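Reviewing the structure listed below.
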Amino acid sequence: MEASLYWNNQEFIIKQFTPDYSSGVTTAAIVATHVYAEISRIRQYNTKVGTLTYSVSDVLSFYLDDSSCNTMGYTYQVIGNFDSAQITDLGNNSGQDMLSQIISTWPTAVIYPDNKQIRVYSSNSFGKDYGNRIDYLYDTQEVTLTYDSTEIVNSVKCFGKTVDTSSSSSDDDTDADTIRYYFDPFIVQDTDSIAKWGIHSGDDVSDERFTDANAMRIYALTQMIPEPSLSIEIKSDQLSKPIAGEVRRLEIRPMGYTTHVQVLEYQHYPFDNTQQKDVTLNNTAKTVLDYQRAQSVNLDRLITIQRTKIASLSNEVATVSNTAKTLSNATTTLSEAYKTMQATIAGLQQQVKGLQNNSGNWAAGSIFVDLSSNNGATSTTDQEASWYSNLVSKGAKGAIIKLTQGTTYTNPLFASQKANVISAGMKFIGSYHFLTSTTVAGAQLEAKYFLSKLQANSIDRNAIVACDIESDTLSKDKDTLTSMITAFYKILTDAGYSNTVDYASASWFGSRFTSVAKYKWIASYGVTTAPSGADAWQSTDNWNNLKVDASYSYNKIFV
């Protein structure tokens, strides 16, 4: 008991030890808490009397820079910016009470320790985006969203500091028992919240620190809950340990929901890869608005589908039954002729594109899309031909299509998507593979699997063959990942597929791996110019609100 246990460079203190002897097998259950929790054993007996103004550093210093109080070697660091705030009678309590005081005074603060160093982050400083994603049905099989408006508070009554009238009171003073304030109590409301959700009144806010009405108003607004909460929980299939505070892109394609979320809490099983990780994500106002927008779009889509079905049923009722068989046979003949004609047109269009590319008239900046089963009507059903025609009408000149992932997954819509792309008049640029391995040998196996599907689908050797380098499972060691990618491409080039392409986030190029492919396809959102050295620039994942990734071409090998 009370021994130290070290894992992942962090110290934990064993608090419970339960040995179990059963059928000749001895096991032990251990409960160990992080060493920062021992700060509750520190106690500051002194008190700073009165209502004084403090920074976060002032509070930490009062407890931890006092050697008579801090006998356990705790240090501190404040990361980010905080406004000063007033606290009354600070002290005469424990180190744990100190942390509670910081959270209650600065509600947006995040306390995330590194062993015995107490780190206090502002909310903006704690979150970091490493370019990782959480895609429903790929990274997780289960996402639970709980939308809850019961805690909304957008209207409160404020009471500030009371005036001490004891010195002026007398036996004849009829107002001696009347409470007087530095300013009259008043009601504060969040008008934007009320406009959306109606009035939700909360408990009175009474605080003796405030003698200024405007300061009290500003403080009261920070204590409200103006938006419904959206609790997001996932069961992650990813092998690596989640990073607290990491900002990730969450996408649930079946409901058209895309947003950025922050990892707030997780359960990790480092010695059992069969256990899924439980991850709790944040519920910012932006996340809630993204959810509402997705629900609205989804509802509109369902209404449109329902109207289409009603119209279709009405047409069927109006059909004359005794001519149905004749019409069906005629339709079949016309359909076969139409398919032949479309194939001929598509072939001629591809020839025209080839002549244009070779004529010296090519110009950079054309748009192409990248497709996968996520872009289907469902994960196993392709979109209608009109969907592809709409892409062309919006300006799409070509498409690159996901073919494989790992050593077992093949895009079930690949053949249909390729045919529809060509039929709509777009250039079929090539295929890409989503890399998931952690070793060079594993990357070679994935390349062989990709190659077998390229050959099975008769993909021309002049087509693009891209490697999607973004999985959270990939090696964090730059040299190892570069060796994996090099080995992956060698399998392809040895088979004659020489137009290799690295696809990754701009932050990964040069930092996570050294680019070894013939071309670079770089993803970089929220910027106005193409990344340096890009042969293609993926600039959006929601092109023209169609929920499809789109890229600009800067090399005619693409479009």
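Bear in mind that the values in this text are calculations on the coordinates, not laboratory data. Note that this is a predicted model, so its numbers are computed, not measured. As a convention, Cβ positions derive from the backbone with ideal geometry for all residues, glycine included, and neighbour counts pool all protein chains shown.
Fully extending the segment from Thr482 to Asp58 would add 147.9 nm, taking 0.36 nm per residue of separation and subtracting the current Cα-Cα distance.
Charge tally around Lys394: other residues with Cβ under 14 Å, Lys/Arg +1 each, Asp/Glu -1 each, net +1.
Counted by Cβ distance under 10 Å from Ile469, the other residues give a net charge of -2, where Lys and Arg count +1 and Asp and Glu count -1.
Taken one residue at a time, the phi angles of the stretch 45-57 give Karplus couplings (6.51, -1.76, 1.60, θ = phi - 60°) of 7, 7, 9, 8, 6, x, 8, 10, 9, 10, 9, 4, 4 Hz. Gly and Pro are set to x.
Computed over the stretch 1-138, relative contact order equals 22 percent, with contacts defined as Cα pairs under 8 Å that lie 6+ residues apart.
For the stretch 41-93, chymotrypsin sites (Phe, Trp or Tyr not before Pro) meeting the loop criterion (DSSP other than H, G, I, E, B) and having at most 11 other Cβ atoms within 10 Å: none. In terms of other Cβ atoms within 10 Å, Val465, Val247 run from fewest to most in the order Val247, Val465. Non-local amide H neighbours of Thr404 (under 5 Å, H modeled in plane, Pro and chain starts lacking H): which ones? Those qualifying (amide H under 5 Å, at least 5 residues apart or on another chain) are Asn411, Tyr432, Phe434.
Let me know the shape class of the stretch 366-553, please: from the alpha-carbon gyration tensor, a ≥ b ≥ c as square roots of the eigenvalues, rounded when a/c is under 1.5, otherwise prolate if a/b is greater than b/c, or oblate. The shape class here is oblate. With both labels modelled 7 Å from their Cα along Cα-to-Cβ, the Ile243 to His34 distance reads 1.6 nm. Other residues within the sphere of radius under 14 Å centred on the Cβ of Ser55, judged by their own Cβ, net out at -2 (K and R +1, D and E -1). Only alpha carbons enter this Debye calculation for the stretch 1-114, each as an equal point scatterer, and the log10 of I(q)/I(0) it gives at q = 0.16, 0.19, 0.20, 0.23 Å⁻¹ is -0.81, -1.03, -1.10, -1.32.
Each residue of the stretch 453-465 was assigned a 3J(HN,Hα) from its phi angle through the Karplus curve 6.51 cos²θ - 1.76 cosθ + 1.60 (θ = phi - 60°); the sequence is 6, 4, 5, 5, 9, 6, 6, 4, 5, 8, 6, 5, 10 Hz, with glycine and proline shown as x.
Among the GluC sites (Glu not before Pro) found in the stretch 1-79, those both in a DSSP coil and sparsely packed, with 15 or fewer other Cβ atoms within 10 Å of their Cβ, are Glu2.
Between Ile225 and Ala495, the C-beta separation translates, for a Förster distance of 51 Å, into a calculated FRET efficiency of about 0.30.
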